Amino acid sequence: MIIDWDKIDTVLLDMDGTILDRHFDDHFWLEHVPKRWSQQNHKTLEYAKEHLYRLFRSQENTLNWTDLDYWSDCLKLDIPVLKQEIEHLIAIHPHVIEFLLFLKHTGKTVWLVTNAHSKTLDLKMKKTRIGAYFDGIISAHQVGLPKEDVRFWGELQSFISYEPERTMLGEDSEANLKTAQTFLIRYLIYISRYSSKIEPSQSEHFTTIEYFKRLIPKKGSSCITI
């Protein structure tokens, strides 16, 4: 893919796994929540993981998947408080700030577009202080649809004015990139190193980078080839 920044007006960026290390979220849902649930319900950790993973999978690709209030009620746990217990794991991916500064310097409109619940957003924005780098933040819960739904990107235009042909989307979810592709967003970038704890792999369908530094052109140029 050839990226000519002179032909891009709007940049949409996902949050978890894209600009923030998804290790926090993976550890929280796969380890920390089962641990706390097993303690409260006097079950083995092995049983808790089997039981909770099944519940989690049942809500994939829905707004419930990221709704902290839904999971607090379902599991009888205070999920926002549990997140605060391990907030030290919240971290920004390398080179993200450098990329956001480049976008600001070149006059792009930059939106954080995430499936995350408002309580998750509040915690992570307070911890990382990256909110100021964006023109705005939109949660799928405001739109009323998850990004996995093909209708999402059209409904998003009720909140953000953007031309798909002149828009870039950065995501760690190929499912979300596929729905954006259906809406004809032109520049689709897959972030392969979504967690600091995994070995990244190339997408078979989308242009792939590990870090956003790859998208910053050399001084004096507006184009890069990926």
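On the basis of being on the phi < 0 side of the Ramachandran plot and in a helix (DSSP H, G or I), does L55 make the cut?
yes
Considering only segment 149-162, I want to know if a residue exists there that is surrounded by 14 or more Cβ atoms within 10 Å (Cβ to Cβ) and in contact with a Pro (Cβ under 6 Å, 6 or more places away or on another chain).
No; the residues of segment 149-162 include none that is surrounded by 14 or more Cβ atoms within 10 Å (Cβ to Cβ) and in contact with a Pro (Cβ under 6 Å, 6 or more places away or on another chain).
Residue by residue through segment 192-226, note down the ones that are in contact (Cβ under 8 Å) with a residue 40 or more places away in the chain, of a type outside the set (S, T, N, Q) and either part of a helix (DSSP H, G or I) or closer than 20 Å to L12 by Cβ (or both).
The initial filter retains those residues of segment 192-226 that are in contact (Cβ under 8 Å) with a residue 40 or more places away in the chain, namely 193-197, 207, 211-213, 215-217, 222-226.
Within this subset, residues satisfying the condition of being of a type outside the set (S, T, N, Q) are 193-194, 197, 211-213, 215-217, 223-224, 226.
Those that are in contact (Cβ under 8 Å) with a residue 40 or more places away in the chain, of a type outside the set (S, T, N, Q) and either part of a helix (DSSP H, G or I) or closer than 20 Å to L12 by Cβ (or both): R193, Y194, Y211, F212, K213, L215, I216, P217, I224, I226.
Can you find a residue in segment 92-108 that is at positive phi and either without any contact (Cβ under 8 Å) to a residue 40 or more places away in the chain or among the hydroxyl-bearing types (S, T, Y) (or both)?
Step one: filter segment 92-108 for residues at positive phi, giving 95, 107.
Now narrow it down to the ones that are either without any contact (Cβ under 8 Å) to a residue 40 or more places away in the chain or among the hydroxyl-bearing types (S, T, Y) (or both): 107.
Yes, some residue in segment 92-108 is at positive phi and either without any contact (Cβ under 8 Å) to a residue 40 or more places away in the chain or among the hydroxyl-bearing types (S, T, Y) (or both).
Search segment 105-127 for residues being aliphatic (A, V, I, L, M) and part of a helix (DSSP H, G or I), and hand back the single one that is surrounded by the most Cβ atoms within 10 Å (Cβ to Cβ).
Here the answer is L123.
Of the conditions (1) touching a helix residue (DSSP H, G or I) at 6+ places or on another chain (Cβ under 8 Å); (2) outside any helix (DSSP H, G or I); (3) not assigned by TED's automatic domain parsing to the domain that holds Y133, V11 fails just one. Which one is it?
The number of the failed condition is (3).
Tally up the residues in segment 158-197 that are within 16 Å of the chain's Cα centre (by Cα) and either within 17 Å of D6 (Cα to Cα) or not polar (S, T, N, Q) (or both), please.
16
The values are calculated or read from the model by the stated rules, or taken from the named source; none is laboratory data. The structure displayed is predicted, hence computed values, not measured ones. Here Cβ is always computed from backbone atoms with ideal geometry, including for glycine, and neighbour counts include all displayed protein chains.
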